[in-house]
Amino acid sequence: MLPMATKALITGITGQDGSYLAELLLNKGYEVHGIIRRSSSFNTGRIDHLYRDPHLPDTQLFLHYGDLTDGTGLREILTKVEPEEVYNLGAQSHVRVSYDQPVYTAQVNAVGTVRLLEALRHTGIGAKFYQASTSEMYGEVSETPQTEQTKFHPRSPYACAKVYSFWQTVNYRESYDMFCCNGILFNHESPRRGQTFVTRKITRAATRIKEGLQEKLYLGNLDAKRDWGYAPEFVEAMWLMLQQEAPGDYLIATGVSHSVREFLELVFGRLGLDHKKHIEIDQRYYRPAETEVLLGDSTKARQELGWSPTTTFDELVKLMVESDWELARRERLLAEHQGDNQGPPGA
């Protein structure tokens, strides 16, 4: 008899990180379960390919309707699936939007984590738990680079909610002897990044400008500096945390920071464009309280997990530009084809 596959449950499976994590776990032979919210339209584009991957002929991927605002539903899913690993990646993940929806952000990002932890505790299934924490918790930083010991000073409703979840995860670990880990991940990008996030917003707009599909790109603070890595490498760190003998909290970062201005200059440069002709600053995209510089020291993760990033900033930009340029080319060709099919006026 073949050994049973390890079962993992992922909240936020349809997001950037969730899709890469599902891919990673399936390639490791896991049975992967994901929680998705019920909506009037499908939002599974990032994971649809996993059902068609020829390298995964017997894909063990299952989706369940659920929500971090529904504790009873979470308990039912956990009881049904009985996973050995739970990855809580579900969130209202946009920092700027959290100022517009602070209560909803807290309900999902903060109280939602407690609902999931309580569901885990009461079902007694003994699953290992990963909480997606964030560098935004450091906010107005007290030291650079930041480490696991750097104090938090959150500067947005999003970051405040994540600090709450961080300490609840620690509390459940210490109070109930549960295997609970926090991954303090610094910014990590990819071609699957949501188009409202600044890196993808830049690569998407720049390639559309290159193809003549738009003229301007509106941005906020160009001087904010972030430690940007490659998402598939960062989700591997999540998995490594749950393979350790004892739970802990780990900071995941590249150790190099770049400004938004540097990112857009590199993107436009790769496309042979002068960004100064296309960029407009719009105050609507500034945050009420800015987090200016984030730079992480991942020494603990490198030493204890054996993890290290390999994709450079330039390589990351190249990956994202090439992917979005292909999308822009297809978009232009489609527009041209539709224009040809319309025929002359009055035809």
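The values are calculated or read from the model by the stated rules, or taken from the named source; none is laboratory data. All values reported here derive from a predicted model rather than from experimental measurement. Because the Cβ atoms are built from the backbone with ideal geometry, glycine has one as well, and the counts that use them run over all protein chains shown. Just the protein is used for accessible areas: all its heavy atoms, side chains included, with ligands, DNA and RNA removed. Shrake-Rupley method; radii C 1.70, N 1.55, O 1.52, S 1.80 Å.
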- Query: List the pairs whose first member sits in the range 335-346 and is modelled with pLDDT of 65 or more, whose second member is surrounded by 10 or more Cβ atoms within 10 Å (Cβ to Cβ) and part of a loop (DSSP other than H, G, I, E, B), and whose Cβ atoms are under 9 Å apart, counting only residues at least 6 apart or on separate chains?
  - Reply: Ala335/Leu213
- Query: Scanning for something within 22 Å of Leu295 (Cα to Cα), of a type in the set (S, T, N, Q) and assigned to a helix (DSSP H, G or I), does the range 186-201 turn up at least one residue?
  - Reply: yes
- Query: Just checking, which of Arg261, Arg330 is surrounded by 11 or more Cβ atoms within 10 Å (Cβ to Cβ), closer than 23 Å to Val95 by Cα, over 21 Å from the mean Cα position of the chain (by Cα) and of a type in the set (Lys, Arg)?
  - Reply: Arg261
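Within the range 186-209, can you find the residues that are under 17 Å from Asp17 (Cα atoms) and either basic (Lys, Arg) or open to solvent by 10 Å² or more (accessible area, probe 1.4 Å) (or both)?
Within the range 186-209, Asn187, His188, Pro191, Arg192, Arg193, Gly194, Gln195, Thr196, Phe197, Val198, Arg200 qualify.
For the range 174-185, how many residues meet the condition of being open to solvent by 40 Å² or more (accessible area, probe 1.4 Å) and either among the basic types (Lys, Arg) or assigned to a loop (DSSP other than H, G, I, E, B) (or both)? Before the answer, list the steps.
Step one: list which residues in the range 174-185 are open to solvent by 40 Å² or more (accessible area, probe 1.4 Å), which gives 174-177.
After this cut, where a residue has to be either among the basic types (Lys, Arg) or assigned to a loop (DSSP other than H, G, I, E, B) (or both) as well, the list is 177.
Of the residues in the range 174-185, 1 are open to solvent by 40 Å² or more (accessible area, probe 1.4 Å) and either among the basic types (Lys, Arg) or assigned to a loop (DSSP other than H, G, I, E, B) (or both).
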- Taking Trp325 as the residue in question, decide whether it is under 21 Å from Gln195 (Cα atoms), in contact (Cβ under 8 Å) with a residue 12 or more places away in the chain, touching a helix residue (DSSP H, G or I) at 6+ places or on another chain (Cβ under 6 Å) and not hydroxyl-bearing (Ser, Thr, Tyr). yes
- Matching residues, the range 138-152, being assigned to a loop (DSSP other than H, G, I, E, B) and within 16 Å of Lys300 (Cβ to Cβ): Tyr138, Glu143, Pro145, Thr147, Glu148, Gln149, Thr150
- Item | Single unsatisfied condition, Glu292 versus (1) under 22 Å from Ala205 (Cα atoms); (2) among the acidic types (Asp, Glu); (3) surrounded by fewer than 15 Cβ atoms within 10 Å (Cβ to Cβ) | (1)
- Would it be correct to say that Leu264 is over 14 Å from Val198 (Cα atoms), among the hydrophobic types (A, V, I, L, M, F, W, C) and touching a residue at least 12 places away in the same chain (Cβ under 8 Å)? no
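A quick yes/no check of all residues on (1) among the aromatic types (Phe, Trp, Tyr); (2) surrounded by 21 or more Cβ atoms within 10 Å (Cβ to Cβ):
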{"position": "Leu89", "(1), (2)": "no, yes"}
{"position": "Ser93", "(1), (2)": "no, yes"}
{"position": "Arg96", "(1), (2)": "no, no"}
{"position": "Val114", "(1), (2)": "no, no"}
{"position": "Tyr138", "(1), (2)": "yes, yes"}
- Task: Being touching a His at 6+ places or on another chain (Cβ under 9 Å) and open to solvent by less than 10 Å² (accessible area, probe 1.4 Å) is the filter here, so list the residues in the range 229-252 that pass it.
- Result: Gly229, Ala231, Phe234, Val235, Ile252
- Message: Residues that are at pLDDT 95 or above and within 29 Å of Ala224 (Cβ to Cβ), at least 2 per element: which helices (runs of 4 or more DSSP H) completely within the range 88-137 meet that?
- Response: 102-106, 112-123
- Item | Selection count where residues are surrounded by fewer than 24 Cβ atoms within 10 Å (Cβ to Cβ) and within 21 Å of Leu185 (Cα to Cα), scope the range 117-128 | 1
- Task: Take Ala301 and decide whether it is open to solvent by less than 30 Å² (accessible area, probe 1.4 Å), modelled with pLDDT under 95 and of a type outside the set (Val, Ile, Thr).
- Result: no
